[in-house]
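The values are calculated or read from the model by the stated rules, or taken from the named source; none is laboratory data. Keep in mind that this is a model prediction, so the values were computed, not measured. Here the Cβ positions follow ideal geometry from the backbone for every residue, glycine too, while neighbour counts run over all protein chains shown.
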């Protein structure tokens, strides 16, 4: 039985429900009121429930770290094969790497207390420990939130959009489930315009990639080191 991290919809979006990509703008968490407010809501109101229940409960939003991997101005594009576990994503193209947050992603601090923000640890586990090999230094920057209530899948998920920048080699670990290749921003935009089968979240982000990559380069931080228990 899998448990996933959720935030009540009315706590995450107390005023209105955004549609599509909601950018944080330039600057780090300390200087970004929108990002700070959303992270505070995640930390204060998030909890774990059984995934099967979360998938049929639109009043709960499953928080998904959705990480764009950038190297030398090019972006990693993944094709999800039919061997993957999520049938709804088979044969879809994606520029986002990541998945659900699980209880293991709540890290223990120096005084023995659990961190209330599981996003960095979930990113480390999903992106670097499970899906990709990334050689060399890399930085991570949160750039926005993505929400789409127009379909049943989007209605129960929300994406925490990040950009991981590296100069090293990047390869796919799950070669039976994913095929990866790097493309320029223009190539991805041309693919989208020509009708390539991108998943919905990626289709929202590709038109804004120039701005996303520019903002992430202005303020980034090393990705925290994963510690196994």
Legend entry - strands (runs of 3 or more DSSP E) lying entirely in region 131-229 (those with 3 or more residues that are modelled with pLDDT under 95, under 15 Å from the mean Cα position of the chain (by Cα) and closer than 19 Å to residue 64 by Cα): 138-147
Legend entry - Residues of region 87-117 classified as assigned to a loop (DSSP other than H, G, I, E, B), more than 15 Å from the chain's Cα centre (by Cα) and either at pLDDT 55 or above or within 22 Å of residue 170 (Cα to Cα) (or both), total: 7
Inset, instruction - Please enumerate the residues belonging to region 9-23 that are in contact with a helix residue (DSSP H, G or I) (Cβ under 6 Å, 6 or more places away or on another chain) and at negative phi. - result: 11, 12, 21
Inset, instruction - Would you check which residues across region 38-56 are farther than 23 Å from residue 161 by Cβ and part of a loop (DSSP other than H, G, I, E, B) and list them? - result: 56
